Each structure stands twice: as C-alpha cells, then as structure tokens.
1. What is the dipole size for the stretch 46-164, taken about its Cα centre, with +1 at each Lys and Arg Cβ and -1 at each Asp and Glu Cβ, in debye to the nearest 20?
2. Express the relative contact order of the chain as a whole percentage, based on alpha carbon pairs under 8 Å and six or more residues apart in sequence.
3. Name the residues whose placed amide hydrogens come within less than 5 Å of the amide hydrogen of Leu70, ignoring near sequence neighbours (fewer than 5 apart) on the same chain.
4. Once you sort the root eigenvalues of the Cα gyration tensor of the stretch 92-142 as a ≥ b ≥ c, which label holds: rounded (a/c under 1.5), prolate (a/b larger than b/c) or oblate (the other case)?
5. What list of ³J(HN,Hα) couplings, whole Hz, do you get for the stretch 62-79 from phi and the Karplus terms 6.51, -1.76, 1.60, once you set θ to phi - 60° and write x for glycine and proline?
6. What does the C-alpha gyration tensor say about the overall shape of the chain? Classify as rounded when a/c is under 1.5, otherwise prolate if a/b is larger than b/c, or oblate.
7. Can you give the accessible area of Leu154, probe radius 1.4 Å, in Å² rounded to 10?
8. Among Ala119, Ala53, Ala93, which one shows the biggest mean-square fluctuation in a GNM of the chain, springs joining Cα atoms closer than 10 Å?
Amino acid sequence: MTISPPTSVPTTTADASPFGAEANSDLIAKIHRDNATAIVETVEARHGNPDQALAALLAAEAETGWRSGLSMAPPATGIRDVYGWRFGYNIAADSTDAVKAATNTFMDNAITVSADDPAAYALAVQLADPRGYNEKEHFYKKGETAATEYAAALPKAQAAYAELRGSQ
C-alpha cells in the first residue's frame, strides 16, 4: 500500500513547515530540511519506494528530529546518528554525508512487512538492525517509548514528505 501525503500541502511560512515548527532559527530549519532531503534522496537512490522514504523520515524524526551528530543524553555517552544509533562513521557528524550514511544503513535493514502502519514499519526496520535496538539507549525521558515517539512523529514525517515531494 502506498502512503498518501496529507491532502493539504503546508504553506511556505516557517511556522507551517515541518522543518521550521520547532526551529529557533532559519539556519536550524535549513539543516532539518537538508537532512530530510538527504534522507529521501538516499532512499530514492537505493530504488526505495515512497513508503520506505516515509519510514526513513519517520524514524529519523522520532529518534533525533532529523539531526545528525546529536549528543547522546546520559546515561549514554558519545554522539548518535540521525536514526539514534551510536555515531560510527569516518565523516563529519553534523554533515548530510552522515545522514546519507545512516540512511544507507537504515535501507540495508529494510524488511518486507506491510507498510499499512508507517510508524510500526519504521520501528520494525530499526528493530531488524543487527546492532540490537535497545529502546533505553534511544529514548531517555520519563514515559517516552519508541512506539509512542514513532507514532507521534508520523504527521510531521508525512508533512515533510509532502513538502519535499508534493503528490509523488
């Protein structure tokens, strides 16, 4: 099943954009948009379909808000990539190259399951990663779970995909 983007396309104002809604500056909004663009383009370069692009956007939003090179909160140490994994690339942590590398790893783990529930599918891809997904290393806030964060990220990921690719 192909996931349709929302019927209304966000306006171009910063507040309506999924990239600018929480950003404190135009620079942060640009970084978020550049990272989301890198995610979609990497999925497309791997011959992924729109469902996979949406899943990759959704996982990246749920895990890090489309930010690569994000410091991990205690008790974890180090830096995590855009999908919440410990950063292990020989490239700049805050670059779109890091986002592309992480998205390639996400696509390496893409599994064959129904994409009827994009949040469940995105989390299933993360759980299929051979590194072993430990929810406590990805989410730290009281009561925060992967399932709830992935479900909450769906509308923003759909809006991002719609903004980046329109009605494709």
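The values are calculated or read from the model by the stated rules, or taken from the named source; none is laboratory data. Here the structure is a predicted model, which means the values were calculated and not measured. Ideal geometry is used to build each Cβ from the backbone, glycine not excepted, and the neighbour counts take in all protein chains shown. Protein only, heavy atoms only, side chains kept; ligands, DNA and RNA dropped before computing areas. Shrake-Rupley method; radii C 1.70, N 1.55, O 1.52, S 1.80 Å.
1. 300 debye
2. Relative contact order, the chain: 30 percent.
3. Result for Leu70 returns Arg80.
4. It is oblate, given that a/c is not under 1.5 and a/b is not larger than b/c.
5. For the stretch 62-79, the Karplus curve yields 4, 7, 9, x, 6, 10, 9, x, 7, 5, 7, 7, x, x, 6, 10, x, 10 Hz.
6. rounded
7. Its heavy atoms expose roughly 40 Å² to the probe.
8. Maximum fluctuation in the GNM of the chain, among the listed residues, is at Ala93.
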